[in-house]
1. Which one of the conditions (1) closer than 25 Å to residue 14 by Cβ; (2) in a helix (DSSP H, G or I); (3) open to solvent by 80 Å² or more (accessible area, probe 1.4 Å) does residue 69 fail to meet, given that it meets all the rest?
2. Within the range 50-73, which residues are acidic (Asp, Glu) and either at pLDDT below 90 or touching a strand residue (DSSP E or B) at 6+ places or on another chain (Cβ under 7 Å) (or both)?
3. Looking at residue 24, is it part of a loop (DSSP other than H, G, I, E, B) and among the hydrophobic types (A, V, I, L, M, F, W, C)?
4. Kindly establish whether residue 38 is modelled with pLDDT of 85 or more, surrounded by 13 or more Cβ atoms within 10 Å (Cβ to Cβ) and out of contact with any Ser or Thr (no Cβ under 9 Å at 6 or more places or on another chain).
Amino acid sequence: MSTVNIAIPNESVGPKVAMVNMQLAIETGLVPFLHGSPAIGKSDLAAQIAENGNLKMIDVRLSQCDPTDLNAA
């Protein structure tokens, strides 16, 4: 699996640009990764994209998971 960086690391983008980039990633079969500070609307942005694309969104918060839940072995 290849990785494609749309934004330069440490470059800030607004929600509109992030939404367009995430939609492009999904359309091309890539899994988008959105990183940012808490409470800036990342989950809301993902929910909007899922709703617009008639997709199912599963929201998993790592802070609410037990480390053993994440073990792939």
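The values are calculated or read from the model by the stated rules, or taken from the named source; none is laboratory data. Please read these numbers as outputs of a predicted model, since none were measured by experiment. Cβ: placed from backbone, ideal geometry, glycine included. Neighbour counts: every protein chain shown. Surface areas here come from the heavy atoms of the whole protein model, side chains and all, with no ligands, DNA or RNA. Shrake-Rupley method; radii C 1.70, N 1.55, O 1.52, S 1.80 Å.
1. Every listed condition holds for residue 69 apart from (1).
2. 59, 66, 69
3. no
4. For residue 38, the condition - modelled with pLDDT of 85 or more, surrounded by 13 or more Cβ atoms within 10 Å (Cβ to Cβ) and out of contact with any Ser or Thr (no Cβ under 9 Å at 6 or more places or on another chain) - is not met.
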